[in-house]
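What follows is one structure encoded as structure tokens, with my remarks underneath.
Please treat every number below as a calculation from the coordinates, not as lab data. Just so we're clear, the structure is a prediction, and the values are computed from it rather than from any experiment. All Cβ positions, glycine included, derive from the backbone under ideal geometry; neighbour counts span all protein chains shown.
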Amino acid sequence: GNSVTQMEGPVTLSEEAFLTINCTYTATGYPSLFWYVQYPGEGLQLLLKATKADDKGSNKGFEATYRKETTSFHLEKGSVQVSDSAVYFCALSPPTSGTYKYIFGTGTRLKVLA
Amino acid sequence: GAGVSQSPSNKVTEKGKDVELRCDPISGHTALYWYRQSLGQGLEFLIYFQGNSAPDKSGLPSDRFSAERTGGSVSTLTIQRTQQEDSAVYLCASSRGGASTDTQYFGPGTRLTVL
């Protein structure tokens, strides 16, 4: 079946540090892949997405590349800020026709210290 | 423009009572999803509506849960005879259509607490 595995948190970094949050998936075919962010007290917001192999999604300095060969969609940012503190969710939407429900990872909490 | 809205934002109820949660999707979006976010289970899919097609109810955890979508717009999730394990944040999302590449836009959620 379809599944998403995300690295356990929490991740604590100093401001301006490099961030990587690992995400790997299991799916039949070519799913669409998403990163969502949930800031404290707020709802889920789309951060970036990629819909085919080798696509790179990017937004607000965050990037993730859809790697079919390693079934991965790791989230990276070169220099984190305190305002990036949030919970990050990796998700996939399976390519088969029917319900395009998201399969979510468990979420990774990021805390950035000034 | 307006995003997905949900009401109430918070609901506290007693065990055994029925509750109704409302979702107002983005105008023009044909697909609507309900998810549940709880500490022990993470984010899990509950039900999906697409246009006039029969809903996919495969994620509903028990027959105490039901949902409807009237006129292809507003949706109501009903939980009958609530139990303490139903305590969670219930999220609604909508997307433009039914394709795996479509982005789902989430509402702020309804936090349900069952005492």
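Does region B:36-78 hold any residues that are within 18 Å of B:Pro8 (Cα to Cα) and at the interface with chain A (Cβ under 10 Å from one of its Cβ atoms), and which are they? Selection gives B:Gln37 alone.
Note on region A:16-46: residues that are part of a strand (DSSP E or B) and more than 23 Å from B:Trp34 (Cβ to Cβ) total 6. Annotation: of all residues in region A:105-114 being in contact with an Asp or Glu (Cβ under 8 Å, 6 or more places away or on another chain) and not in a loop (DSSP other than H, G, I, E, B), the one that is farthest from B:Asp56 (Cα to Cα) is A:Leu113. Among the residues of region A:74-106, those identified as of a type in the set (A, V, I, L, M), under 14 Å from A:Tyr25 (Cα atoms) and either within 14 Å of chain B (Cβ to nearest Cβ) or more than 13 Å from the chain's Cα centre (by Cα) (or both) are A:Ala91, A:Leu92, A:Ile103.
Reported count of residues in region A:83-104, each being in a helix (DSSP H, G or I) and free of Cβ contacts under 8 Å to residues at least 40 places away in the same chain, is 1. The condition of being surrounded by 14 or more Cβ atoms within 10 Å (Cβ to Cβ), within 13 Å of chain B (Cβ to nearest Cβ), out of contact with any His (no Cβ under 9 Å at 6 or more places or on another chain) and farther than 12 Å from A:Phe89 by Cβ holds for only one of A:Thr5, A:Thr28, A:Thr71, that being A:Thr5.
Of the strands (runs of 3 or more DSSP E) that lie entirely inside chain B, those containing 1 or more residues that are among the charged types (D, E, K, R) span B:10-13, B:19-24, B:31-38, B:42-50, B:65-69, B:110-114. Considering only residues that are surrounded by fewer than 18 Cβ atoms within 10 Å (Cβ to Cβ) and either at the interface with chain A (Cβ under 8 Å from one of its Cβ atoms) or closer than 17 Å to B:Gly3 by Cβ (or both), which ones fall in region B:90-100? The answer is B:Arg96, B:Gly98, B:Ala99. Scanning region A:59-82 for residues that are part of a loop (DSSP other than H, G, I, E, B) and under 20 Å from A:Val4 (Cβ atoms) yields a count of 7.
Filtering region B:50-65 to residues that are under 20 Å from B:Asp24 (Cβ atoms) and surrounded by 14 or more Cβ atoms within 10 Å (Cβ to Cβ) leaves B:Gln50, B:Pro55, B:Phe65. Looking only at region A:45-68, residues that are surrounded by fewer than 19 Cβ atoms within 10 Å (Cβ to Cβ) and either within 11 Å of chain B (Cβ to nearest Cβ) or within 24 Å of B:Gly109 (Cβ to Cβ) (or both) come to 6 in all.
Does B:Thr103 qualify as being within 14 Å of chain A (Cβ to nearest Cβ) and either closer than 19 Å to A:Gly107 by Cα or touching a Leu at 6+ places or on another chain (Cβ under 8 Å) (or both)? Spelling it out, B:Thr103 is indeed within 14 Å of chain A (Cβ to nearest Cβ) and either closer than 19 Å to A:Gly107 by Cα or touching a Leu at 6+ places or on another chain (Cβ under 8 Å) (or both). Comparison of B:Phe49, B:Phe65 shows that the only residue that is among the aromatic types (Phe, Trp, Tyr), within 14 Å of the chain's Cα centre (by Cα) and under 27 Å from A:Leu47 (Cα atoms) is B:Phe49.
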